[in-house]
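Chemist: Handing you a structure now.
The values are calculated or read from the model by the stated rules, or taken from the named source; none is laboratory data. Please read all numbers here as calculations on a predicted model, not as lab measurements. Methodologically, a virtual Cβ is constructed for each residue, glycine included, from the backbone with ideal geometry; neighbour enumeration extends over all protein chains shown.
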Amino acid sequence: MNAEAIVQKISSDIKDKIQEVSLAAPLRINVKVDREKLLAVLQYLKEQFGFTHLATISGVDLGESFEVIYHLASHLATVNVRILTPRSAPTIPSTVSIIPGAILYERELQDMFGLVVQNIPNPRPLLLADDWPAGEYPLRKDWHFNRPAEKIPGGK
């Protein structure tokens, strides 16, 4: 099965669960879904086409909302499943029940963007220091780094 056939099958099988599906490149498929339908779409892609490898999850700060992109790969193609979540309620469902390896990427999204991942098995911080200030998310566009005063041992 090639990428074009996958796009057609997605369009016919789960058209009620997706907003848009397109072939972005010969082996790259983009699928936009509502965040409420994310788990159903990921389960479908896993069962129908064997998309079990989650290469990464990307986050993008769009200002009023965040886009979260799940990059799934198989020998057939790469599928980018995109969802939006508003900045005012930045919640996404955990995908660990479908793809267990997603936990590291979900914890990273929590640390770096401040997204709330619902039902994540282990919500503790992954990348930031234990004493990192609450409410500070380094990959948000409105975050500003305040460099601490440099301390030089033995300096004046």
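Chemist: Could you please tell me which pairs satisfy a Cβ distance under 6 Å, a separation of 6+ or placement on different chains, a first residue in the range 76-103 that is touching a residue at least 24 places away in the same chain (Cβ under 8 Å) and among the basic types (K, R), and a second residue that is surrounded by fewer than 16 Cβ atoms within 10 Å (Cβ to Cβ) and part of a loop (DSSP other than H, G, I, E, B)?
Modeler: Note: pairs meeting the criteria are R87/E64.
Chemist: Just to check your reading of the model, which residue among I57, I103, I152 is of a type in the set (A, V, I, L, M, F, W, C), out of contact with any Lys or Arg (no Cβ under 8 Å at 6 or more places or on another chain) and surrounded by fewer than 18 Cβ atoms within 10 Å (Cβ to Cβ)?
Modeler: Going through I57, I103, I152 in turn, the sole match is I152.
Chemist: Taking the range 111-131, which residues are touching a strand residue (DSSP E or B) at 6+ places or on another chain (Cβ under 6 Å) and of a type in the set (S, T, N, Q)?
Modeler: Across the range 111-131, the qualifying residue is only Q118.
Chemist: Quickly run through the range 1-35 and pick out the residues that are touching a residue at least 40 places away in the same chain (Cβ under 8 Å) and within 19 Å of V68 (Cβ to Cβ).
Modeler: Answer for the range 1-35, where residues must be touching a residue at least 40 places away in the same chain (Cβ under 8 Å) and within 19 Å of V68 (Cβ to Cβ): A24, R28, I29, N30, V31, K32, V33, D34, R35.
Chemist: Still on this structure, please answer the following. Run A134 past the list (1) loosely packed, with under 12 Cβ neighbours inside 10 Å; (2) in contact with a strand residue (DSSP E or B) (Cβ under 9 Å, 6 or more places away or on another chain) and report the number of the one that doesn't hold.
Modeler: (2) is the only condition that A134 fails.
Chemist: A follow-up question, please. Consider H71 carefully, then state whether it is surrounded by fewer than 19 Cβ atoms within 10 Å (Cβ to Cβ) and more than 16 Å from the chain's Cα centre (by Cα). Working first, answer last.
Modeler: Details: surrounded by fewer than 19 Cβ atoms within 10 Å (Cβ to Cβ): yes; more than 16 Å from the chain's Cα centre (by Cα): no.
Spelling it out, it is not the case that H71 is surrounded by fewer than 19 Cβ atoms within 10 Å (Cβ to Cβ) and more than 16 Å from the chain's Cα centre (by Cα).
Chemist: Still on this model: Would you check if L42 is outside any helix (DSSP H, G or I) and either within 20 Å of the chain's Cα centre (by Cα) or surrounded by fewer than 15 Cβ atoms within 10 Å (Cβ to Cβ) (or both)?
Modeler: Spelling it out, it is not the case that L42 is outside any helix (DSSP H, G or I) and either within 20 Å of the chain's Cα centre (by Cα) or surrounded by fewer than 15 Cβ atoms within 10 Å (Cβ to Cβ) (or both).
Chemist: Which residues, taken from the range 19-38, are crowded, with 16+ Cβ neighbours inside 10 Å and at pLDDT 95 or above?
Modeler: V21, I29, N30, V31, K32, V33, K37, L38
Chemist: Here is a follow-up. Six or more apart or on different chains, Cβ atoms under 8 Å: show the pairs whose first residue is in the range 48-61 and more than 25 Å from P90 (Cβ to Cβ) and whose second is polar (S, T, N, Q) and surrounded by 14 or more Cβ atoms within 10 Å (Cβ to Cβ).
Modeler: F49/S74; G50/S74; F51/S74; T52/S74; H53/S74
Chemist: Okay, moving on. Test each condition in (1) in contact with a Leu (Cβ under 9 Å, 6 or more places away or on another chain); (2) part of a loop (DSSP other than H, G, I, E, B) for H71 and report the one that comes out false.
Modeler: Exception for H71: condition (2).
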